[in-house]
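Here the structure is laid out as structure tokens; the discussion comes afterwards.
The values are calculated or read from the model by the stated rules, or taken from the named source; none is laboratory data. Every value quoted in this text rests on a predicted model; they were computed, and no experiment measured them. Ideal geometry is used to build each Cβ from the backbone, glycine not excepted, and the neighbour counts take in all protein chains shown.
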Amino acid sequence: MSNRVAISRCKSYHLDEVTESIREVISNTSFPCVKNKKVLVKPNILSDAKTETGITTNPIVVEALINILKEEGAETIYLGDSPGLHSSSFDAHTCGIKDVCERTGTNWVDFTANPVMHKIGKHSLPIARIIDEVDVVISVAKFKTNQLMYSTGCVKNMFGSIPGLNKSSCHVKAPSRSAFADLITEIYKESKCSYGLMDGIIAMEGPGPANGNIRQVGLILGSADSYLTDYAQAMIMGYRIEDIPILMAGKKKGYTKLEPTYPLLDARELVIKDYKRVEIGKEKAIPALIKSNLLKPFHSLMIKIRKTPTFRDDKCVLCKRCVDICPAKALDVVDNHITLNKAHCVRCYCCHEMCPKNAIDII
């Protein structure tokens, strides 16, 4: 059953309806045994945004899963994430996750507290200590587009196991789309994730993962192979699977076969033809030879042809989150305006993700 991806309809965030939908999904897939085990639930909290923005995993989905884990006999349940700008006061209050922890007696974990260095590919990166201390890790992602990876999902959600600004520096370590996708797959592997569940009740289309538009999709998706959950999401969005860098990187490395079976709803019959997708970048037109590691000098060319962030003075409030998150130090404030050094910009779009006012366009 490991190649099964289950998709269930769920029209609202009523707790009973969500619980029933998640039960249907996990009962038709290889859900891990959690009895007498320590379990980490890892939602997508890109920023502590209000629930109605659709930026974070909805707290009702998280609560429903936690209740099921308790009924299944989990010994201890932990919950945590680390947004790009992770302050010491971050507790996921605004997005409603903190309230879920309080209602369910779940242990909130600070991912920045004493992280452990891991060898990930050719890089050494810190990972939240809790990853090494639990028996089961469940990625609970949000159905969203992504400016850099086109669609985000359960695999990329585990990128959040790297605390705070350590994530943004990964874009300098792996600046091309293909290199970044490779790194994400290695981080996912190191996270030892056991299951990928996705909140697709209210989704995000357009310029995600933070400044897109919400859209009713009405689905819960899940698989023991998180790549297959993300595969189904990309298909429903209307993407060609071969255009999704993380999926292709996972398949190339042998981490997934990308051969899903559908015990419930079939993703091929759920394609949303008018879903607003992120346009596939021009790198696809560059010959595969140039994209190989044998010709790394060409990687900078691949970066420069990507779309560039543009800053809108009419919406900008000079909070400087973009400046703080920029891994290439390509942003500054001059005469009360955000300025971009295009020569330094790696087109990672971290600034776009962190902007709370939708004041950055990618054009």
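A single member of 256, 339 is at pLDDT 95 or above, over 28 Å from residue 47 (Cβ atoms) and not in a helix (DSSP H, G or I), and it is 256. In region 234-254, the residue that is farthest from the chain's Cα centre (by Cα) out of those that are surrounded by fewer than 18 Cβ atoms within 10 Å (Cβ to Cβ) and not charged (D, E, K, R) is 254.
Taken over region 80-122, the criterion of being among the charged types (D, E, K, R) and in contact with an Asp or Glu (Cβ under 6 Å, 6 or more places away or on another chain) is satisfied by 98 alone. No other residue among 298, 311 is touching a His at 6+ places or on another chain (Cβ under 8 Å) and either at pLDDT 95 or above or surrounded by 13 or more Cβ atoms within 10 Å (Cβ to Cβ) (or both) apart from 311. Among residues of region 25-46 that are more than 19 Å from residue 5 (Cβ to Cβ), none has a beta-carbon under 7 Å from a residue that is of a type in the set (Phe, Trp, Tyr) and in a loop (DSSP other than H, G, I, E, B) at least six positions away or on a different chain. In summary, residue 186 fulfils each of the numbered conditions (1) surrounded by 24 or more Cβ atoms within 10 Å (Cβ to Cβ); (2) within 23 Å of residue 353 (Cα to Cα) with the single exception of condition (1). Scanning region 104-133 for residues that are under 20 Å from residue 194 (Cβ atoms), surrounded by 14 or more Cβ atoms within 10 Å (Cβ to Cβ) and either under 21 Å from the mean Cα position of the chain (by Cα) or of a type in the set (D, E, K, R) (or both) yields 109, 111, 118, 120, 127, 128, 129, 130, 131. The set of residues in region 313-336 that are more than 19 Å from residue 47 (Cβ to Cβ), assigned to a loop (DSSP other than H, G, I, E, B) and over 25 Å from the mean Cα position of the chain (by Cα) comprises 313, 314, 335, 336. Could you identify the single residue in 10, 101, 33 that is buried (at least 22 other Cβ atoms within 10 Å of the Cβ), modelled with pLDDT of 95 or more and over 25 Å from residue 159 (Cβ atoms)? Among 10, 101, 33, only 10 is buried (at least 22 other Cβ atoms within 10 Å of the Cβ), modelled with pLDDT of 95 or more and over 25 Å from residue 159 (Cβ atoms). When 7, 22, 55 are checked against the criterion of being closer than 22 Å to residue 72 by Cα, of a type outside the set (D, E, K, R) and outside any helix (DSSP H, G or I), a single residue qualifies: 7. Might you check whether a residue that is touching a residue at least 60 places away in the same chain (Cβ under 8 Å), part of a loop (DSSP other than H, G, I, E, B) and touching a Cys at 6+ places or on another chain (Cβ under 8 Å) occurs anywhere in region 223-239? Scanning region 223-239 turns up no residue that is touching a residue at least 60 places away in the same chain (Cβ under 8 Å), part of a loop (DSSP other than H, G, I, E, B) and touching a Cys at 6+ places or on another chain (Cβ under 8 Å).
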